[in-house]
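This report concerns only the one structure given below.
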Amino acid sequence: MSGEDKFASLIGGHRPEATNIVIFGANGDLTKRKLLPALAHMHHWNLLGHNSRIIGVVRQKWTHADWVHYVHDELLNYFPEAVVNPPSWRVIAAKLDLVSGDLAEPVTYRHIAEALHEHEGRKNALFYLAIPPAWYDTVARHLHEAGLSDESEGFRRLVIEKPFGMDLPSAQKLNIDIQSYFDEAQIYRIDHYLGKEAVQNLMVFRFANSVLEPLWNRNYIDHVQISVAESLGVGYRAGYYETSGALRDMIQSHLMQVMSLVAMEAPVSLDADDVRDEKMKVLRSIRPFSADTVKTQAVRAQYAAGEVDGEKAQAYRSEPGVDAASSTETFAAVKFYIDNWRWQGVPFVLRTGKRLPVHVSEICIRFKEPPQKLFELNDGNVRNNELIFRLQPDAGMQLSMTAKQPGLSTHLRGVNLDATYGMDGLGMPEAYETLLHDVMMGEAGLFSRADEVEECWKIVAPILDAWAEESDIATYPAGTFDIPGMDTLLQGCEGGWRDLSESVQE
Ligand code: BG6
């Protein structure tokens with residue numbers, strides 16, 4: 001093993017074949033905040049194949065030098081280590097190439113094809129669509145017509161960002177359109193939550209240990225909470241968010257994907273389709289919503305003015321680009337039931353929102369009370385056992401147990417068995433690094449298949465329909481969890497909502 005390969009193996013990655021990473025929307029927000037830092041980090045770990053290139057596609061008339069300056073400046077903002085070390089930056093800069101042109105014009109794709117042909121060896125290409133969804137179909141069609149979906153000279157993979165459709169019909173149409181240009185096996189639908197270290201670890205904890213399996217069912221688990229709380233507001237994304245809202249933006253994708261990993265049966269193998277088949281079985285077992293159950297099992301609200309992290313925060317309706325009478329939800333919570341043998345009667349309650357008091361994402365498996373109250377539960381800290389998978393901050397796992405308070409009396413107290421996933425200072429790969437690496441390796445297990453995306457839309461459709469009829473929306477003060485109706489979702493569940501501030505370590 002060469003020194004460089006050893007370096008790559010420190011974080012366990014295999015070096016993919018040289019790939020042309022073609023980024024549509026190369027001067028957009030996602031590229032600067034996520035893709036460029038992820039690629040630079042992969043370069044740092046020697047996980048970008050030799051001769052790999054990063055080909056930006058922009059609509060503006062840019063020169064190659066403009067693109068190099070842009071990448072330099074944005075890396076300085078988002079991953080400075082990549083540029084402050086001149087030898088490292090020179091290697092990254094040498095990988096940069098640019099195609100500037102109109103995405104609706106065939107000539108742009110001819111230029112992309114020419115850029116691939118300048119490449120030595122196999123002409124592998126990853127086409128990353130970091131562009132508004134309205135363009136997905138057009139770009140996929142042009143790539144196909146330019147011969148760029150043909151894999152005879154190297155692999156050709158299409159990476160598509162969320163949102164994948166706005167509802168079931170639009171997602172179905174998009175799937176049909178894109179599948180007429182690329183095979184399903186060439187399509188990688190990104191859900192970056194699946195690339196998070198803690199989400200991947202969930203599968204390992206469940207299926208590489210035998211202690212959890214006997215407990216992982218309706219006999220021992222009272223309910224499951226999946227929370228993604230953000231303290232930031234909608235920021236500069238009002239244009240998109242006004243057409244989306246929290247249910248579409250987060251629950252239909254990230255949170256339902258996480259739920260299906262928590263609930264699924266062990267797959268036959270780790271092959272992408274074996275894992276996705278098991279997730280699909282969970283989704284197909286979800287009890288459909290009716291107009292009545294939407295009222296009792298789904299809650300939405302919008303942030304009003306308030307205070308977050310000691311600073312005044314304006315109301316959603318006062319954010320730039322937001323309609324002053326907007327009824328878009330910035331918080332959504334939904335209670336699902338999975339009607340199968342393992343989970344019958346166990347609520348899975350998913351909640352997410354912006355401008356909440358903390359920035360925490362976690363899964364809480366809350367176990368039932370012991371059947372006999374043998375000890376006097378006289379300490380306020382004592383509560384049902386909980387297994388927490390913390391996605392962020394400080395990804396890790398925690399098991400809360402009840403123990404004896406040291407002393408002569410039998411007072412009880414809660415203790416936590418805590419395991420953070422810190423990697424001895426090596427740094428954890430970001431979700432986008434993991435996912436880009438998987439695309440280059442041809443591993444599709446962490447990407448959503450067409451049927452999964454459609455099934456998720458189908459499940460939430462009655463909620464979307466009911467909410468579309470409502471012009472009023474409840475509000476909560478920014479920086480609080482004072483959300484009308486949120487507590488009623490947990491009626492009948494033991495222990496109430498978990499206090500997410502416990503997951504924020506000082
Ligand atoms: C995105 C949503 O998919 O996920 C954003 O569009 C949200 O609205 C983001 O803020 C949250 O991701 P993370 O990784 O910061 O939890």
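The values are calculated or read from the model by the stated rules, or taken from the named source; none is laboratory data. Note that the structure is a prediction, hence the values are computed from the model and not measured. Quick reminder, even Gly has a Cβ in these numbers, built from the backbone with ideal geometry, and neighbours come from all protein chains shown.
Does residue 356 satisfy the criteria of being assigned to a loop (DSSP other than H, G, I, E, B) and within 16 Å of the ligand (Cβ to nearest atom)?
yes
Please enumerate the residues belonging to the stretch 14-29 that are buried (at least 19 other Cβ atoms within 10 Å of the Cβ) and not aromatic (Phe, Trp, Tyr).
Across the stretch 14-29, the qualifying residues are 15, 16, 18, 19, 20, 21, 22, 23, 25, 26, 27.
Based on what the data block shows, is residue 465 outside any loop (DSSP other than H, G, I, E, B), without any contact (Cβ under 8 Å) to a residue 60 or more places away in the chain and surrounded by fewer than 18 Cβ atoms within 10 Å (Cβ to Cβ)? Reasoning before the result, please.
Details: outside any loop (DSSP other than H, G, I, E, B): yes; without any contact (Cβ under 8 Å) to a residue 60 or more places away in the chain: yes; surrounded by fewer than 18 Cβ atoms within 10 Å (Cβ to Cβ): yes.
Spelling it out, residue 465 is indeed outside any loop (DSSP other than H, G, I, E, B), without any contact (Cβ under 8 Å) to a residue 60 or more places away in the chain and surrounded by fewer than 18 Cβ atoms within 10 Å (Cβ to Cβ).
May I ask you to list the residues in the stretch 109-123 that are crowded, with 20+ Cβ neighbours inside 10 Å and modelled with pLDDT of 95 or more?
Hits for the stretch 109-123 are 109, 112.
Say we look at the stretch 155-169 and pick out the residues that are more than 16 Å from residue 181 (Cα to Cα) and touching a residue at least 40 places away in the same chain (Cβ under 8 Å); which of these is farthest from the ligand (Cβ to nearest atom)?
Result: 168.
Looking for whichever is closer than 20 Å to residue 438 by Cα and either out of contact with any Lys or Arg (no Cβ under 8 Å at 6 or more places or on another chain) or of a type in the set (Ser, Thr, Tyr) (or both) here; the options are 37, 132, 86. Which one fits?
None of the other options fit; the residue is 37.
For the stretch 294-326, which residues satisfy the criterion of being among the hydroxyl-bearing types (Ser, Thr, Tyr) and in contact with a helix residue (DSSP H, G or I) (Cβ under 8 Å, 6 or more places away or on another chain)?
Residues satisfying the conditions are 296, 303, 326.
Give the residues of the stretch 22-74 that are touching a strand residue (DSSP E or B) at 6+ places or on another chain (Cβ under 7 Å), outside any helix (DSSP H, G or I) and among the polar types (S, T, N, Q), sorted by residue number.
27, 52, 60
For a quick check of your reading: which helices (runs of 4 or more DSSP H) sit entirely within the stretch 228-336 and have at least 1 residues that are basic (Lys, Arg) and more than 16 Å from the ligand (Cβ to nearest atom)?
Counting at least 1 such residues, we get 272-285, 291-297.
Just the residues that are away from the ligand (no atom under 14 Å from the Cβ) and closer than 22 Å to residue 361 by Cβ, please, taken from the stretch 208-227.
Residues satisfying the conditions are 212, 216, 221, 222, 223, 224, 225.
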